1. Could you identify the single residue in 49, 39, 56 that is touching a helix residue (DSSP H, G or I) at 6+ places or on another chain (Cβ under 6 Å), buried (at least 16 other Cβ atoms within 10 Å of the Cβ) and at positive phi?
2. Quick one: in the stretch 171-185, of everything that is under 24 Å from residue 39 (Cα atoms) and within 12 Å of the chain's Cα centre (by Cα), which residue is surrounded by the most Cβ atoms within 10 Å (Cβ to Cβ)?
3. Could you look through the stretch 12-26, keep only residues that are touching a residue at least 24 places away in the same chain (Cβ under 8 Å) and more than 26 Å from residue 186 (Cβ to Cβ), and pick out the one that is surrounded by the fewest Cβ atoms within 10 Å (Cβ to Cβ)?
4. Does residue 170 satisfy the condition of being in contact with a strand residue (DSSP E or B) (Cβ under 9 Å, 6 or more places away or on another chain) and either in contact (Cβ under 8 Å) with a residue 12 or more places away in the chain or closer than 20 Å to residue 133 by Cβ (or both)?
5. From the set of residues in the stretch 160-170 that are more than 17 Å from residue 96 (Cβ to Cβ) and buried (at least 17 other Cβ atoms within 10 Å of the Cβ), which is nearest to the chain's Cα centre (by Cα)?
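Values in this text are rule-based calculations from the coordinates and carry no lab data. Being a predicted model, the structure only gives us computed values, none of them experimental. Neighbour counts are summed over all protein chains in view; Cβ atoms, including those assigned to glycine, are modelled from backbone coordinates with ideal geometry.
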């Protein structure tokens, strides 16, 4: 579904992404691992059209992404859930969800089936549907951010640090909901510093270091890799 070939991204004189290539099949869940500053967020922002690459190619379902604006990529079903959620704090839960449907819905569209789908995946949002975004807990805000992606009818989700700032139990709950969504056929690329959580969710992973892919394999292979274990899971 997604193919990246020899991608380079620069910020002025700084090479943020260097010769990155990866492939993700439709319906697959893939983890992108790496330390702070490795280039993970830059890669997601480049895919979603917020940053322009300096070289290389990106295709989604055989469509050249360079031909699409950030807004057009959303209409193609490529949905970026950014780090730190970025919900609209002054809007209610349901208003946040309805805003996300503007990617495809006209003014008279019936949003009920899509809302009910979100509430089925995330019952807590149904309980909080009339509450303002700012009043939600961190975990609830993350659920809302992912719910907005569902309202945009995501075909592929780009998730940036979904466990950031969450207590371990809440992070596990969030990842359980992501797993439920992936089981419905949504393709997922998750950037995450919690390597164990990410590799339990994903079937495969890539490790990014100073803008380059330095390791790739199945989740089981990466969990067994001594270098990955030492760098991201601690010495054993």
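1. Only one candidate qualifies: 49.
2. The qualifying residue surrounded by the most Cβ atoms within 10 Å (Cβ to Cβ) is 178.
3. The residue in question is 19.
4. Answer is no for this residue.
5. Once the filter is applied, the top-ranked residue is 160.
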